[in-house]
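Please treat every number below as a calculation from the coordinates, not as lab data. What you see is a predicted model, and the numbers here were worked out from it, not measured in a lab. Virtual Cβ from ideal backbone geometry, glycine too; neighbours counted across all protein chains shown.
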Amino acid sequence: MFRYREMLQSHFEELSALVTREHGKTITEARAEVQRGIELVEFACGIPSLIMGQCLENIATNVDAETSRHPVGVCAGIVPFNFPFMVPLWMFPIAITCGNTFVLKPSEKVPLSSNRLGELLIEAGLPTGVLNIVHGDKPCVDRLLTHPLVRAISFVGSSGVAKHVYETGTAHGKRVQAAGGAKNHLIIMPDADLDLSVTAVQASAFGCAGERCMAGSVAVPVGRIADDVVEGLVKAGSSMRVGPTDEGADVDMGPLVSRQHRDRVASYLDVARSEGAEVALDGRKAVISGDGFLLGPSVVDRVAPTMRLAKEEVFGPVLSVVRADDLDHALLIGRSCEYGNGASIFTRSGYAARQFRRHFGAGMIGINVGVPAPMAWFSFTGWNRSFFGDLHIQGVEGIQFYTQQKTCMTRWFESPSDSADDPIWKTTRGGA
Ligand code: NAD
C-alpha cells in the first residue's frame, strides 16, 4: 500500500485527466477527487494500529482474554458514476489490508478509472486474484449479491438500488453496507456572513455540476436574509462559465454524465413551475459554448417542503430555496425529508450552531462549511434513506466491516516442569 500510494501520487495528473475524460467534471474538481482518494490509501497504510485487538489480563485468576480481528473472506464493492476514482478507494484498500480479497464492480458509465486503479495496484506488487474487477450492470450486481462465496458487500449509489442491495445481500447471509442518495439542506441564518454563505452554497450546489451525494440541494434562508441570499445565488450562478472540460478547459462547471440524466435534471424546472415555485435562474437559458450534456446552474425560489423538488434527489445543478421563519421552522423542513446524508448551517451564533448540530436529522453536519464530507479517517455516516446497514463506509467502521472478531480466553497454570530444576524456567526467574 505504501508503494501504491507513491505510484498514485506520481501518476496524479494522468489520473486526474482520466477522471475528467470519463466523468466530465473540471480538472480542478478531478484533482481534488484524486487527492481525497490518495488519502484513503494513506489511511489503509496505518492498518497495523487500526486492526489491533484488545486484551484484558487476569479477568479471573490466571485467565487472560483477548480479541483479534480477522478477514471475512471475499468482499465485493459496487460503485456509482459520480466519483469514479475516489469511491472505489473508500473500499478496496481497507478491505485488502484487512486481509480480504475484493471484487470491484465499477459504474458502467465510468469504467476507466477503476481499471487504471487496478493496473497500478498490480504494478505495485499485489498478488494475482486479490483485487478483481468485473464490469456490468444489474445482472452482474445481482450475481454478486447472491454468490455463495461473497461474504460482504459495500454499495454506493441511489437509494432504491441501495435498498435492493441491502435486502438481497442480507437475505443471502452477507453483511452489507449500502450508502444511498441524498437531499442536503443548507440553512442560512439572518446573522450569517452573506458573502461567505452565498459562495459556500454556490460551490456546494453547483460544484461537480451538482452530481455529489453531499451537494447542497435545498437552501433554507431564515427570516430577513432570504431576499439577499436568493439575489446573491442568482448572481453567483449566472456568472459561472459552463462548458466542455476536455483538455483541462478553464470552465467552472462541466457537463452532466449523460444526455438522459441532463434531460431528467432539466425537467425538474418544469415540475417546479407547475407546482407553483418560482424559477429565479433557469439553467436551460445559460449561455454555453461548446457541445456536451451541458446545463447551467438553476435557482428555484419559494419551493414548499411538499413539492417534488424539495423531496426528490435531482443530482444536478438545480438548487431549491425553501424559506423559513426561524431555526425551529428550518429544522422542521429538514425533518420532513426522507434522506439524511449531510446538512450545514451558516451562522455566527454558537447557540444556533449547537441546536442545529444536535437536532438536525442527518449524519454529516457542517457549521459554516458547504460540503461537510468526512475525510478518510472518519466514516461516511449517512442516516435514514441515505444509508442501509449498520457499519458505515471508510474510517474506523470500515475496518470493523471488513473484519470479524475472535475472542480468546487463556488459562495459565504452573506445570510440573515450571520447577526450579528446569533450565528455561531457572533462566527466566533468574532474569526477573
Ligand atoms: P445507481 O444507483 O444508478 O448505480 C450505482 C451502481 O449500482 C452502479 O454500479 C450500477 O451499475 C448499479 N446498478 C444500477 N441499477 C441497478 C439495479 N437495478 N440493480 C443492481 N445494480 C444496479 O447510482 P449512480 O447514478 O451511478 O450514482 C448516483 C447516486 O449515487 C446518487 O443517488 C448519489 O446520491 C449516490 N451516491 C451516494 C453516496 C453516499 O455516500 N451516500 C456517494 C456517491 C453517490
Express the relative contact order of the stretch 95-160 as a whole percentage, based on alpha carbon pairs under 8 Å and six or more residues apart in sequence.
36 percent
Can you give me the relative contact order of the stretch 293-405 as a percent, contacts being Cα pairs under 8 Å and 6 or more apart?
19 percent
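Checking the a/c ratio against 1.5 first, then a/b against b/c, what shape does the Cα gyration tensor give for the stretch 319-370?
rounded
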Rounded to the nearest 5, the percent of DSSP beta bridges in the chain running antiparallel is 30 percent
The extension gain from SER10 to GLN404, computed as 0.36 nm times the residue separation minus the Cα-Cα distance, is 138.4 nm
Set the Förster distance to 35 Å, then compute FRET efficiency between ARG354 and LYS235 from the Cβ-Cβ distance, nearest 0.05.
0.65
Where only alpha carbons of the stretch 139-252 are counted, the Rg and the Dmax (Å):
20.1, 59
For HIS172, HIS261, ascending order of other Cβ atoms within 10 Å (fewest first) is HIS172, HIS261
Convex hull over the Cα atoms of the stretch 248-329, averaged projected area in nm²?
6.5 nm²
Label-point separation, GLN35 to ALA304 (7 Å along Cα→Cβ), nm:
4.4 nm
What residue among LEU332, VAL229, LEU256 has its Cα farthest toward the positive end of the dipole of the stretch 184-367, where the charges are +1 on Lys, Arg and -1 on Asp, Glu, each on the Cβ?
LEU332
Once you treat every alpha carbon in the stretch 36-194 as an equal point and sum by Debye, what is log10 I(q)/I(0) at q = 0.11, 0.13, 0.14, 0.16 Å⁻¹?
-0.54, -0.69, -0.77, -0.92
What fraction, in whole percent, of alpha-carbon pairs in the stretch 1-115 exceed 18 Å separation?
57 percent
For every helix of n ≥ 4 consecutive DSSP H residues, a contribution of -39,500 (n - 2.57) applies; sum these over the chain, divide by its total residues, and give [θ] at 222 nm rounded to the nearest 500 deg cm²/dmol.
-12000 deg cm²/dmol
Once each part is reduced to its C-alpha centroid, what is the distance from the stretch 235-300 to the stretch 371-405 in angstrom?
32 Å
What list do you get for CYS45, CYS208 if you sort them by fewest beta carbons within 10 Å?
CYS45, CYS208
On C-alpha positions alone, give me the angle between the axis of helix 27-45 and the longest principal axis of the chain, in degrees, nearest 10.
20 degrees
Quick one, what does Rg over Rh come out to for the stretch 282-426 if you take C-alpha atoms and the Kirkwood Rh?
1.34
Against the globular-protein guess of 2.2 N^0.38 Å, express the Cα radius of gyration of the stretch 353-408 as a ratio, rounded to two decimals.
1.36
Over the stretch 184-367, what is the percentage of antiparallel beta bridges among all DSSP beta bridges, to the nearest 5?
15 percent
Cα-centre dipole for the chain with unit charges at Cβ (Lys and Arg positive, Asp and Glu negative), debye to 20:
760 debye
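Give the Kirkwood hydrodynamic radius (Å, one decimal) of the chain, defined as one over the mean of 1/r across all pairs of different Cα atoms.
On the way: mean 1/r = 0.0427 Å⁻¹.
By the Kirkwood definition, the hydrodynamic radius is 23.4 Å.
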In whole Å, how far is the Cα centre of the stretch 328-358 from that of the stretch 35-81?
34 Å
Output the relative contact order of the chain, whole-number percent, from Cα pairs under 8 angstrom with separation of 6+ residues.
18 percent
Between THR28 and ASP250, how many nm apart are label points set 7 Å from Cα along the C-beta direction?
1.1 nm
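Using the 10 angstrom Cβ neighbour count as an exposure proxy, how do GLU39, GLU29 rank, fewest first?
On the way: GLU39 16, GLU29 24.
Listing GLU39, GLU29 from fewest to most nearby Cβ atoms yields GLU39, GLU29.
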In degrees, nearest 10, range 0 to 90: what is the angle between the Cα axis of helix 86-97 and the longest Cα principal axis of the chain?
0 degrees
How big is the stretch 184-367 by the Kirkwood estimate over distinct Cα pairs, in Å?
16.3 Å
With the cut-off at 19 Å, tell me which of the pairs LYS163/LYS183; LYS25/LYS183; LYS138/LYS163; LYS25/LYS109 have Cα atoms farther apart than that.
LYS25/LYS183
